[in-house]
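The values are calculated or read from the model by the stated rules, or taken from the named source; none is laboratory data. Quick caveat: nothing in here was measured; it's all calculated off a predicted structure. With ideal geometry, Cβ positions are generated from the backbone for all residues, glycine too; neighbour counts draw on all protein chains shown. Protein only, heavy atoms only, side chains kept; ligands, DNA and RNA dropped before computing areas. Shrake-Rupley method; radii C 1.70, N 1.55, O 1.52, S 1.80 Å.
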Amino acid sequence: MVNRTLWSGRFNRDLDNSTLEFTSSLDVDTALSFYDVMGSLAHVNMLRKCKIIPDKDADVITSGLRSIAAQIESGEFKVDRSLEDIHTNIEFKLTDIVGSVGGKLHTGRSRNDQVVTDFKMYLRDAVLDVVSSIDRLINALIEIARSENIIIPGLTHTQHAQPVTVAQHALAHIFKLERDASRFLEAFDRMNYCPLGSAALAGTTYPIDREMVAEALGFKAPTQNSMDSVSDRDFATELAFCSSLTAIHLSSMAEELIIWSSQEFNFVEIDDMYTTGSSIMPQKKNPDIAELIRGKTGNIVGNLVTMLVMTKGLPLTYNRDLQEDKAPVMLSLDSLRKCLMMMCKIVSTLKFNENVIANKVTLGFINATDLADYLATRGLTFRDAHGVVGAVVRYCIEKNKNFGDLSLDELKKFSELFYDDVYNYISMESCVERRNSSGGTSSQSTEIQLEHVVQSYVRRKDKIMRESNIINTCWSRLVS
Ligand code: ARG
(Lines give C-alpha, C1' and ligand atoms only; values in the text may rest on other atoms or scores of the structure.)
Protein backbone atom coordinates (compact mmCIF):
# COMPACT_ATOMS: atom_id res chain seq x y z
CA MET A 1 0.00 0.00 0.00
CA VAL A 2 1.28 3.50 -0.80
CA ASN A 3 0.75 5.75 2.15
CA ARG A 4 -0.44 9.29 1.61
CA THR A 5 0.49 11.84 4.24
CA LEU A 6 0.46 15.61 4.55
CA TRP A 7 4.21 15.62 5.16
CA SER A 8 5.97 13.09 2.90
CA GLY A 9 8.28 15.61 1.16
CA ARG A 10 11.46 15.05 3.18
CA PHE A 11 11.12 11.25 3.36
CA ASN A 12 12.73 8.71 1.05
CA ARG A 13 10.61 5.77 2.00
CA ASP A 14 6.94 5.14 2.66
CA LEU A 15 5.63 4.54 6.13
CA ASP A 16 5.58 0.98 7.30
CA ASN A 17 1.98 -0.16 7.59
CA SER A 18 2.44 -0.97 11.26
CA THR A 19 3.60 2.62 11.84
CA LEU A 20 0.50 3.90 10.15
CA GLU A 21 -1.73 1.68 12.20
CA PHE A 22 0.07 2.59 15.41
CA THR A 23 -0.06 6.34 14.83
CA SER A 24 -3.58 6.55 13.42
CA SER A 25 -6.12 8.47 15.49
CA LEU A 26 -9.07 7.78 13.19
CA ASP A 27 -10.85 5.49 15.64
CA VAL A 28 -11.34 8.47 17.87
CA ASP A 29 -11.06 11.67 15.85
CA THR A 30 -13.62 10.75 13.21
CA ALA A 31 -16.04 12.16 15.80
CA LEU A 32 -14.45 15.56 15.12
CA SER A 33 -15.15 15.59 11.38
CA PHE A 34 -18.03 18.07 11.41
CA TYR A 35 -16.13 20.49 13.65
CA ASP A 36 -13.03 20.15 11.50
CA VAL A 37 -14.93 21.33 8.44
CA MET A 38 -16.50 24.22 10.37
CA GLY A 39 -13.03 25.28 11.54
CA SER A 40 -11.77 25.15 7.97
CA LEU A 41 -14.70 27.18 6.66
CA ALA A 42 -14.03 29.91 9.22
CA HIS A 43 -10.32 29.78 8.41
CA VAL A 44 -10.79 30.14 4.66
CA ASN A 45 -13.23 33.05 5.12
CA MET A 46 -10.53 34.78 7.12
CA LEU A 47 -7.79 34.01 4.56
CA ARG A 48 -10.00 35.65 1.95
CA LYS A 49 -10.84 38.71 4.03
CA CYS A 50 -7.21 39.26 4.95
CA LYS A 51 -6.27 38.90 1.27
CA ILE A 52 -3.99 35.96 2.02
CA ILE A 53 -5.63 33.95 -0.76
CA PRO A 54 -7.58 35.32 -3.76
CA ASP A 55 -11.40 35.43 -3.69
CA LYS A 56 -11.75 32.91 -6.48
CA ASP A 57 -9.65 30.31 -4.62
CA ALA A 58 -11.58 30.95 -1.42
CA ASP A 59 -14.84 30.44 -3.33
CA VAL A 60 -13.71 27.10 -4.66
CA ILE A 61 -12.39 25.89 -1.31
CA THR A 62 -15.55 27.04 0.47
CA SER A 63 -17.83 25.19 -1.88
CA GLY A 64 -15.68 22.06 -1.61
CA LEU A 65 -15.79 22.22 2.20
CA ARG A 66 -19.54 22.76 2.14
CA SER A 67 -20.06 19.66 0.07
CA ILE A 68 -17.92 17.71 2.55
CA ALA A 69 -20.05 19.11 5.38
CA ALA A 70 -23.15 17.89 3.56
CA GLN A 71 -21.61 14.43 3.11
CA ILE A 72 -20.77 14.27 6.81
CA GLU A 73 -24.31 15.35 7.77
CA SER A 74 -25.88 12.73 5.51
CA GLY A 75 -23.51 9.98 6.60
CA GLU A 76 -22.07 9.58 3.11
CA PHE A 77 -18.59 10.77 3.99
CA LYS A 78 -16.20 7.82 3.65
CA VAL A 79 -13.21 7.78 5.92
CA ASP A 80 -10.03 6.53 4.23
CA ARG A 81 -8.41 4.26 6.84
CA SER A 82 -5.02 4.50 5.12
CA LEU A 83 -4.76 8.15 6.15
CA GLU A 84 -3.39 9.23 9.49
CA ASP A 85 -6.29 11.14 10.96
CA ILE A 86 -9.55 12.91 10.22
CA HIS A 87 -7.82 16.21 9.42
CA THR A 88 -5.75 14.51 6.73
CA ASN A 89 -8.90 12.80 5.43
CA ILE A 90 -10.76 16.05 5.05
CA GLU A 91 -7.88 17.91 3.44
CA PHE A 92 -7.33 15.11 0.88
CA LYS A 93 -11.06 14.91 0.27
CA LEU A 94 -11.04 18.63 -0.44
CA THR A 95 -8.27 18.35 -3.01
CA ASP A 96 -10.06 15.37 -4.55
CA ILE A 97 -13.09 17.61 -5.03
CA VAL A 98 -11.54 21.00 -5.93
CA GLY A 99 -8.06 20.07 -7.16
CA SER A 100 -4.70 21.38 -6.00
CA VAL A 101 -6.09 24.79 -4.97
CA GLY A 102 -7.37 22.90 -1.89
CA GLY A 103 -3.75 22.93 -0.77
CA LYS A 104 -4.13 26.66 0.06
CA LEU A 105 -6.48 25.91 2.93
CA HIS A 106 -3.65 25.05 5.31
CA THR A 107 -2.00 28.47 4.88
CA GLY A 108 -1.32 30.06 8.29
CA ARG A 109 -2.42 27.13 10.40
CA SER A 110 -1.10 23.76 11.54
CA ARG A 111 -2.73 20.55 12.63
CA ASN A 112 -1.53 21.40 16.13
CA ASP A 113 -3.89 24.36 16.49
CA GLN A 114 -6.49 22.70 14.28
CA VAL A 115 -6.76 19.58 16.48
CA VAL A 116 -7.20 21.46 19.72
CA THR A 117 -9.74 23.83 18.16
CA ASP A 118 -11.80 20.91 16.84
CA PHE A 119 -11.65 19.15 20.18
CA LYS A 120 -12.85 22.23 22.04
CA MET A 121 -15.77 22.63 19.64
CA TYR A 122 -16.72 18.97 20.12
CA LEU A 123 -16.50 19.31 23.89
CA ARG A 124 -18.59 22.47 24.02
CA ASP A 125 -21.52 20.54 22.56
CA ALA A 126 -20.84 17.52 24.76
CA VAL A 127 -20.79 19.70 27.88
CA LEU A 128 -24.10 21.38 27.06
CA ASP A 129 -25.54 17.92 26.50
CA VAL A 130 -24.27 16.52 29.75
CA VAL A 131 -25.53 19.51 31.73
CA SER A 132 -28.97 19.01 30.20
CA SER A 133 -28.82 15.37 31.34
CA ILE A 134 -27.85 16.44 34.86
CA ASP A 135 -30.78 18.82 34.82
CA ARG A 136 -33.22 16.10 33.77
CA LEU A 137 -32.12 14.09 36.79
CA ILE A 138 -32.40 17.16 39.03
CA ASN A 139 -35.91 17.62 37.73
CA ALA A 140 -36.85 14.03 38.58
CA LEU A 141 -35.46 14.50 42.09
CA ILE A 142 -37.38 17.76 42.48
CA GLU A 143 -40.56 15.82 41.69
CA ILE A 144 -39.75 13.37 44.48
CA ALA A 145 -38.93 16.18 46.91
CA ARG A 146 -42.29 17.77 46.11
CA SER A 147 -44.49 14.72 46.15
CA GLU A 148 -43.14 12.28 48.75
CA ASN A 149 -44.22 13.45 52.15
CA ILE A 150 -42.42 10.71 54.07
CA ILE A 151 -40.18 10.72 57.12
CA ILE A 152 -37.21 8.39 56.84
CA PRO A 153 -34.33 7.54 59.12
CA GLY A 154 -31.45 9.94 58.55
CA LEU A 155 -28.20 8.02 58.92
CA THR A 156 -24.65 8.77 59.96
CA HIS A 157 -22.15 5.88 59.92
CA THR A 158 -25.07 3.95 58.32
CA GLN A 159 -26.73 4.00 61.78
CA HIS A 160 -30.03 5.63 62.71
CA ALA A 161 -29.20 9.22 63.59
CA GLN A 162 -32.14 11.62 63.33
CA PRO A 163 -35.38 11.54 61.35
CA VAL A 164 -35.42 13.49 58.08
CA THR A 165 -37.82 13.84 55.19
CA VAL A 166 -37.50 12.26 51.76
CA ALA A 167 -37.57 15.85 50.45
CA GLN A 168 -34.52 16.81 52.50
CA HIS A 169 -32.75 13.66 51.37
CA ALA A 170 -33.56 14.22 47.68
CA LEU A 171 -32.52 17.85 47.99
CA ALA A 172 -29.14 16.79 49.36
CA HIS A 173 -28.52 14.91 46.12
CA ILE A 174 -29.89 17.81 44.08
CA PHE A 175 -27.40 20.25 45.62
CA LYS A 176 -24.49 17.99 44.73
CA LEU A 177 -25.74 17.68 41.16
CA GLU A 178 -26.31 21.42 41.01
CA ARG A 179 -22.65 21.99 41.84
CA ASP A 180 -21.72 19.42 39.18
CA ALA A 181 -23.77 21.25 36.56
CA SER A 182 -22.28 24.62 37.41
CA ARG A 183 -18.78 23.13 37.51
CA PHE A 184 -19.29 21.88 33.94
CA LEU A 185 -20.60 25.27 32.81
CA GLU A 186 -17.69 27.09 34.41
CA ALA A 187 -15.30 24.73 32.62
CA PHE A 188 -17.20 25.52 29.43
CA ASP A 189 -16.61 29.26 29.91
CA ARG A 190 -12.96 28.71 30.75
CA MET A 191 -12.26 26.68 27.62
CA ASN A 192 -14.31 28.78 25.23
CA TYR A 193 -11.29 30.55 23.66
CA CYS A 194 -10.11 29.79 20.14
CA PRO A 195 -6.59 28.40 19.59
CA LEU A 196 -6.76 28.52 15.77
CA GLY A 197 -4.08 30.75 14.28
CA SER A 198 -1.52 29.72 16.90
CA ALA A 199 -0.26 27.52 14.06
CA ALA A 200 2.43 24.94 14.88
CA LEU A 201 3.56 26.70 18.07
CA ALA A 202 4.85 30.20 17.40
CA GLY A 203 2.08 31.94 15.51
CA THR A 204 2.33 32.71 11.81
CA THR A 205 3.94 35.21 9.47
CA TYR A 206 0.68 35.74 7.54
CA PRO A 207 -1.46 38.77 8.45
CA ILE A 208 -4.30 36.64 9.88
CA ASP A 209 -7.31 37.87 11.86
CA ARG A 210 -7.77 35.56 14.82
CA GLU A 211 -10.66 37.58 16.28
CA MET A 212 -12.62 36.97 13.12
CA VAL A 213 -12.07 33.20 13.27
CA ALA A 214 -12.88 33.02 16.99
CA GLU A 215 -16.12 34.88 16.44
CA ALA A 216 -17.10 32.81 13.43
CA LEU A 217 -16.73 29.63 15.51
CA GLY A 218 -18.67 30.98 18.49
CA PHE A 219 -15.68 31.35 20.81
CA LYS A 220 -15.50 34.29 23.24
CA ALA A 221 -12.10 35.38 21.91
CA PRO A 222 -8.83 33.97 20.59
CA THR A 223 -6.40 32.39 23.08
CA GLN A 224 -3.51 34.63 24.08
CA ASN A 225 -0.31 32.64 23.77
CA SER A 226 0.47 30.40 20.82
CA MET A 227 2.67 27.97 22.77
CA ASP A 228 0.12 27.59 25.53
CA SER A 229 -2.64 27.19 22.94
CA VAL A 230 -1.25 24.11 21.20
CA SER A 231 -0.09 22.41 24.40
CA ASP A 232 -3.07 23.22 26.63
CA ARG A 233 -5.24 20.25 27.55
CA ASP A 234 -6.40 21.69 30.88
CA PHE A 235 -9.94 21.87 29.55
CA ALA A 236 -9.93 18.14 28.76
CA THR A 237 -8.53 17.23 32.17
CA GLU A 238 -10.99 19.56 33.85
CA LEU A 239 -13.91 17.92 32.07
CA ALA A 240 -12.56 14.49 32.99
CA PHE A 241 -12.60 15.71 36.59
CA CYS A 242 -16.10 17.21 36.32
CA SER A 243 -17.24 13.86 34.92
CA SER A 244 -15.54 11.96 37.72
CA LEU A 245 -17.13 13.95 40.51
CA THR A 246 -20.57 13.74 38.93
CA ALA A 247 -20.10 9.99 38.47
CA ILE A 248 -19.05 9.68 42.11
CA HIS A 249 -22.25 11.47 43.15
CA LEU A 250 -24.27 9.11 40.97
CA SER A 251 -22.40 6.19 42.42
CA SER A 252 -23.41 7.23 45.95
CA MET A 253 -27.00 7.55 44.86
CA ALA A 254 -26.77 4.13 43.22
CA GLU A 255 -25.32 2.64 46.40
CA GLU A 256 -28.23 4.01 48.41
CA LEU A 257 -30.75 2.60 45.96
CA ILE A 258 -29.04 -0.79 46.13
CA ILE A 259 -29.21 -0.81 49.93
CA TRP A 260 -32.69 0.68 50.10
CA SER A 261 -34.06 -1.95 47.73
CA SER A 262 -32.51 -4.88 49.65
CA GLN A 263 -34.69 -7.25 51.70
CA GLU A 264 -33.11 -5.86 54.83
CA PHE A 265 -34.14 -2.25 54.15
CA ASN A 266 -37.00 -2.64 51.68
CA PHE A 267 -37.55 1.13 51.63
CA VAL A 268 -38.00 1.37 47.88
CA GLU A 269 -38.92 -0.70 44.89
CA ILE A 270 -37.01 -0.07 41.66
CA ASP A 271 -39.26 -0.49 38.65
CA ASP A 272 -39.09 -3.85 36.85
CA MET A 273 -37.92 -2.03 33.72
CA TYR A 274 -34.69 -1.04 35.46
CA THR A 275 -33.85 -4.28 37.27
CA THR A 276 -32.82 -7.73 36.09
CA GLY A 277 -33.33 -11.34 37.16
CA SER A 278 -31.07 -14.31 37.83
CA SER A 279 -30.58 -17.29 35.54
CA ILE A 280 -30.64 -19.68 38.49
CA MET A 281 -32.59 -18.05 41.32
CA PRO A 282 -36.15 -17.45 40.13
CA GLN A 283 -37.05 -15.12 43.00
CA LYS A 284 -34.33 -12.57 42.26
CA LYS A 285 -34.87 -8.98 41.26
CA ASN A 286 -31.45 -7.40 41.08
CA PRO A 287 -30.52 -3.71 41.01
CA ASP A 288 -28.04 -4.26 38.16
CA ILE A 289 -28.59 -0.88 36.57
CA ALA A 290 -27.70 0.92 39.78
CA GLU A 291 -24.75 -1.44 40.24
CA LEU A 292 -23.51 -0.68 36.73
CA ILE A 293 -23.75 3.05 37.38
CA ARG A 294 -21.62 2.46 40.48
CA GLY A 295 -19.25 0.26 38.45
CA LYS A 296 -18.84 2.58 35.49
CA THR A 297 -17.62 5.25 37.88
CA GLY A 298 -14.38 3.27 37.97
CA ASN A 299 -13.79 3.82 34.25
CA ILE A 300 -14.66 7.48 34.49
CA VAL A 301 -12.28 8.12 37.37
CA GLY A 302 -9.65 6.06 35.52
CA ASN A 303 -9.99 8.39 32.53
CA LEU A 304 -9.16 11.36 34.73
CA VAL A 305 -6.02 9.59 35.91
CA THR A 306 -5.15 8.87 32.26
CA MET A 307 -5.33 12.59 31.44
CA LEU A 308 -3.29 13.62 34.46
CA VAL A 309 -0.55 11.07 33.90
CA MET A 310 -0.48 11.59 30.14
CA THR A 311 0.13 15.33 30.40
CA LYS A 312 2.49 15.15 33.37
CA GLY A 313 6.03 16.11 32.42
CA LEU A 314 5.35 17.02 28.78
CA PRO A 315 7.64 19.80 27.62
CA LEU A 316 6.08 22.61 25.63
CA THR A 317 4.47 22.43 23.11
CA TYR A 318 2.70 19.88 20.95
CA ASN A 319 3.88 16.33 21.56
CA ARG A 320 2.29 13.33 19.94
CA ASP A 321 1.30 12.02 23.38
CA LEU A 322 -1.45 14.62 23.19
CA GLN A 323 -3.22 12.60 20.54
CA GLU A 324 -4.22 10.27 23.38
CA ASP A 325 -6.28 13.06 24.98
CA LYS A 326 -9.54 12.49 23.16
CA ALA A 327 -10.63 8.96 23.99
CA PRO A 328 -10.63 9.30 27.79
CA VAL A 329 -12.64 12.51 27.83
CA MET A 330 -15.04 11.46 25.10
CA LEU A 331 -15.63 8.09 26.78
CA SER A 332 -16.15 9.71 30.18
CA LEU A 333 -18.71 12.19 28.89
CA ASP A 334 -20.48 9.53 26.91
CA SER A 335 -20.62 7.06 29.75
CA LEU A 336 -21.68 9.78 32.20
CA ARG A 337 -24.52 10.82 29.91
CA LYS A 338 -25.79 7.23 29.82
CA CYS A 339 -25.50 6.86 33.60
CA LEU A 340 -27.42 10.10 34.11
CA MET A 341 -30.13 8.95 31.75
CA MET A 342 -30.55 5.59 33.51
CA MET A 343 -30.49 7.17 36.96
CA CYS A 344 -33.15 9.63 35.82
CA LYS A 345 -35.36 6.75 34.69
CA ILE A 346 -34.89 4.85 37.95
CA VAL A 347 -35.63 7.93 40.05
CA SER A 348 -38.73 8.89 38.04
CA THR A 349 -40.30 5.46 38.54
CA LEU A 350 -39.13 4.75 42.10
CA LYS A 351 -41.80 3.55 44.58
CA PHE A 352 -41.41 4.19 48.30
CA ASN A 353 -42.70 1.52 50.69
CA GLU A 354 -44.27 3.94 53.15
CA ASN A 355 -45.42 1.37 55.72
CA VAL A 356 -42.05 -0.30 55.98
CA ILE A 357 -40.36 3.07 56.34
CA ALA A 358 -42.86 4.24 58.95
CA ASN A 359 -42.09 1.12 61.06
CA LYS A 360 -38.35 1.34 60.67
CA VAL A 361 -38.06 5.02 61.42
CA THR A 362 -39.26 4.54 65.00
CA LEU A 363 -36.47 2.06 65.71
CA GLY A 364 -32.98 2.69 66.94
CA PHE A 365 -33.91 5.58 69.28
CA ILE A 366 -33.66 7.95 66.36
CA ASN A 367 -35.35 10.68 68.45
CA ALA A 368 -32.84 10.46 71.30
CA THR A 369 -31.38 13.88 70.49
CA ASP A 370 -34.87 15.33 70.78
CA LEU A 371 -35.43 13.66 74.12
CA ALA A 372 -32.23 15.33 75.33
CA ASP A 373 -33.31 18.63 73.78
CA TYR A 374 -36.58 18.31 75.75
CA LEU A 375 -34.69 18.19 79.03
CA ALA A 376 -32.31 20.93 77.94
CA THR A 377 -35.19 23.29 77.14
CA ARG A 378 -36.42 22.62 80.67
CA GLY A 379 -33.22 23.75 82.32
CA LEU A 380 -30.77 20.84 82.25
CA THR A 381 -27.44 21.47 80.51
CA PHE A 382 -27.34 19.61 77.21
CA ARG A 383 -24.39 17.57 78.47
CA ASP A 384 -26.37 16.37 81.54
CA ALA A 385 -29.44 15.77 79.38
CA HIS A 386 -27.28 13.66 77.05
CA GLY A 387 -26.24 11.52 80.04
CA VAL A 388 -29.82 11.08 81.28
CA VAL A 389 -31.07 10.03 77.84
CA GLY A 390 -28.15 7.65 77.48
CA ALA A 391 -29.35 5.92 80.65
CA VAL A 392 -32.94 5.86 79.32
CA VAL A 393 -31.63 4.21 76.11
CA ARG A 394 -29.80 1.56 78.12
CA TYR A 395 -32.97 0.90 80.15
CA CYS A 396 -35.06 0.61 76.95
CA ILE A 397 -32.61 -1.86 75.42
CA GLU A 398 -32.77 -4.04 78.53
CA LYS A 399 -36.58 -3.96 78.58
CA ASN A 400 -36.81 -4.20 74.76
CA LYS A 401 -38.87 -1.00 74.64
CA ASN A 402 -38.98 2.21 72.70
CA PHE A 403 -39.11 5.72 74.29
CA GLY A 404 -42.79 5.97 73.42
CA ASP A 405 -43.55 2.71 75.31
CA LEU A 406 -42.27 4.11 78.59
CA SER A 407 -44.81 5.42 81.10
CA LEU A 408 -44.35 8.87 82.58
CA ASP A 409 -43.51 7.23 85.94
CA GLU A 410 -40.76 5.24 84.32
CA LEU A 411 -39.39 8.40 82.68
CA LYS A 412 -39.56 10.38 85.92
CA LYS A 413 -37.18 7.86 87.49
CA PHE A 414 -34.55 9.30 85.19
CA SER A 415 -35.52 12.97 85.55
CA GLU A 416 -38.21 14.94 87.36
CA LEU A 417 -38.30 17.28 84.34
CA PHE A 418 -40.29 14.82 82.15
CA TYR A 419 -43.96 15.75 81.71
CA ASP A 420 -46.89 14.55 79.60
CA ASP A 421 -45.98 16.73 76.64
CA VAL A 422 -42.76 14.73 76.11
CA TYR A 423 -44.52 12.15 73.91
CA ASN A 424 -45.66 14.72 71.42
CA TYR A 425 -42.28 16.47 71.60
CA ILE A 426 -40.45 13.34 70.44
CA SER A 427 -42.92 12.29 67.74
CA MET A 428 -41.23 11.95 64.36
CA GLU A 429 -43.24 14.82 62.91
CA SER A 430 -42.24 17.19 65.72
CA CYS A 431 -38.61 16.11 65.43
CA VAL A 432 -38.63 16.98 61.74
CA GLU A 433 -40.61 20.20 61.95
CA ARG A 434 -38.61 21.57 64.86
CA ARG A 435 -35.45 21.39 62.70
CA ASN A 436 -36.36 24.67 61.16
CA SER A 437 -32.88 26.15 61.11
CA SER A 438 -31.79 27.39 57.71
CA GLY A 439 -31.01 24.33 55.58
CA GLY A 440 -32.73 22.00 58.08
CA THR A 441 -35.22 19.24 57.37
CA SER A 442 -38.46 21.10 58.34
CA SER A 443 -41.05 21.54 55.63
CA GLN A 444 -40.57 25.31 55.66
CA SER A 445 -36.83 24.89 55.13
CA THR A 446 -37.25 22.37 52.32
CA GLU A 447 -39.70 24.76 50.64
CA ILE A 448 -37.00 27.45 50.62
CA GLN A 449 -34.43 24.98 49.28
CA LEU A 450 -36.79 23.86 46.54
CA GLU A 451 -37.32 27.44 45.44
CA HIS A 452 -33.57 27.90 45.16
CA VAL A 453 -32.93 24.76 43.12
CA VAL A 454 -35.81 25.51 40.77
CA GLN A 455 -34.46 29.02 40.14
CA SER A 456 -30.94 27.83 39.42
CA TYR A 457 -32.36 25.11 37.17
CA VAL A 458 -34.09 27.83 35.14
CA ARG A 459 -30.92 29.93 34.98
CA ARG A 460 -28.96 26.96 33.64
CA LYS A 461 -31.59 26.25 31.04
CA ASP A 462 -31.25 29.86 29.82
CA LYS A 463 -27.46 29.57 29.67
CA ILE A 464 -27.63 26.30 27.71
CA MET A 465 -30.12 27.82 25.29
CA ARG A 466 -27.96 30.95 24.83
CA GLU A 467 -24.77 29.00 24.20
CA SER A 468 -26.43 26.51 21.80
CA ASN A 469 -27.93 29.40 19.87
CA ILE A 470 -24.54 31.05 19.48
CA ILE A 471 -23.01 27.78 18.24
CA ASN A 472 -25.84 26.86 15.89
CA THR A 473 -25.95 30.35 14.40
CA CYS A 474 -22.25 30.02 13.60
CA TRP A 475 -22.78 26.70 11.83
CA SER A 476 -25.63 27.98 9.71
CA ARG A 477 -23.64 31.07 8.72
CA LEU A 478 -20.66 28.94 7.72
CA VAL A 479 -22.56 26.50 5.56
CA SER A 480 -24.78 29.00 3.72
N1 ARG B 1 -3.54 13.11 14.82
C2 ARG B 1 -2.84 14.14 15.54
C3 ARG B 1 -3.52 14.43 16.87
O4 ARG B 1 -4.65 14.11 17.03
C5 ARG B 1 -2.82 15.37 14.69
C6 ARG B 1 -1.79 16.35 15.08
C7 ARG B 1 -0.60 16.04 14.38
N8 ARG B 1 0.42 17.01 14.63
C9 ARG B 1 1.70 16.62 14.56
N10 ARG B 1 2.57 17.51 14.82
N11 ARG B 1 1.99 15.38 14.24
O12 ARG B 1 -2.92 14.95 17.76
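Accessible area per residue, 1.4 Å probe, Å², for the chain: what's the number? Walk me through the intermediate numbers first.
Details: 23200 Å² over 480 residues.
On a per-residue basis, 48 Å².
Which value, in Å² and to the nearest 10, is the accessible area of TRP7 when all protein chains are kept and the probe is 1.4 Å?
80 Å²
Got a sec? Charge dipole of the chain, +1 on Cβ for Lys and Arg, -1 for Asp and Glu; which of ILE142, GLN323, GLY103 is way out at the positive end?
Going by the Cα projections, it comes out as GLY103.
Give the Kirkwood hydrodynamic radius (Å, one decimal) of the chain, defined as one over the mean of 1/r across all pairs of different Cα atoms. Provide the component values of the computation, followed by the final result.
Numbers: mean 1/r = 0.0377 Å⁻¹.
Its Kirkwood hydrodynamic radius stands at 26.5 Å.
Just to confirm my numbers, what's the Cα centroid distance between region 243-303 and region 1-75 in Å?
45 Å
Which distance in Å, rounded to a whole number, links the C-alpha centroids of region 82-119 and region 215-233?
19 Å
Quick check: the distance between the Cα centres of region 326-344 and region 372-449, to the nearest angstrom?
46 Å
Counting C-alpha atoms alone, how compact is region 180-226: give Rg to one decimal and Dmax as a whole number, in angstrom.
12.6, 42
What are the residues whose amide H is under 5 Å from the amide H of GLY154, where those residues sit 5 or more places off or on another chain and H is modelled from the backbone?
Amide H neighbours of GLY154, under 5 Å, 5+ apart: ALA161, GLN162, VAL164.
Could you give the DSSP H helices of the chain that reach 15 angstrom or more along their long axis (alpha carbon positions) and whose average Kyte-Doolittle hydropathy is no lower than -1.0?
On the way: long enough: 33-49 (24 Å, 0.15); 55-74 (28 Å, -0.12); 86-98 (18 Å, 0.41); 111-147 (54 Å, 0.18); 166-191 (38 Å, -0.10); 234-260 (39 Å, 0.86); 288-311 (35 Å, 0.72); 326-348 (33 Å, 0.82); 382-399 (25 Å, 0.28); 443-479 (54 Å, -0.58).
Passing helices, by number: 33-49, 55-74, 86-98, 111-147, 166-191, 234-260, 288-311, 326-348, 382-399, 443-479.
Just to be sure I understand the model, the point goes 7 Å from the Cα along the line to the Cβ. What's the resulting THR349 to THR30 distance in nm?
Placing both labels 7 Å along Cα→Cβ, they lie 3.3 nm apart.
For the chain, give the percent of accessible area contributed by carbon and sulfur heavy atoms, probe 1.4 Å, rounded to a whole number. Mind dumping the intermediate values first?
On the way: 12180 of 23200 Å².
C and S fraction of accessible area: 52 percent.
From the mean inverse distance of alpha carbon pairs (Kirkwood) and the Cα radius of gyration, derive Rg over Rh for region 343-424. Mind showing how you got there, number by number?
Working: Rg = 16.6 Å, Rh = 14.4 Å.
For region 343-424, the value is 1.15.
What accessible surface, in Å², does a 1.4 Å probe find on GLU416, ignoring ligands, DNA and RNA and rounding to the nearest 10?
Here the residue's solvent-accessible area equals roughly 130 Å².
For region 6-111, state the semi-axes of the equivalent ellipsoid (square roots of 5 times the eigenvalues of the alpha-carbon gyration tensor), sorted largest first and rounded to whole angstrom.
Values: eigenvalues 118, 60, 26 Å².
For region 6-111, the semi-axes come out at 24, 17, 11 Å.
Take the alpha carbon gyration tensor of region 288-422, find the square roots of its eigenvalues, order them as a ≥ b ≥ c, and report rounded if a/c is under 1.5; if not, report prolate when a/b exceeds b/c, else oblate. Before the final figure, lay out each step's value.
Numbers: a/c = 5.00, a/b = 2.61, b/c = 1.92.
In terms of gyration-tensor shape, prolate.
Does region 57-195 come out rounded, prolate or oblate, given a ≥ b ≥ c as the square roots of the eigenvalues of its C-alpha gyration tensor, rounded meaning a/c under 1.5 and, failing that, prolate meaning a/b above b/c? Please report the intermediate quantities before stating the final value.
Values: a/c = 4.12, a/b = 3.38, b/c = 1.22.
Prolate, since a/c reaches 1.5 and a/b exceeds b/c.
So which aspartates and glutamates pass the test for LYS399, namely a Cα distance under 19 Å, with those fewer than 8 places away in the same chain ruled out?
Output for LYS399: ASP409, GLU410.
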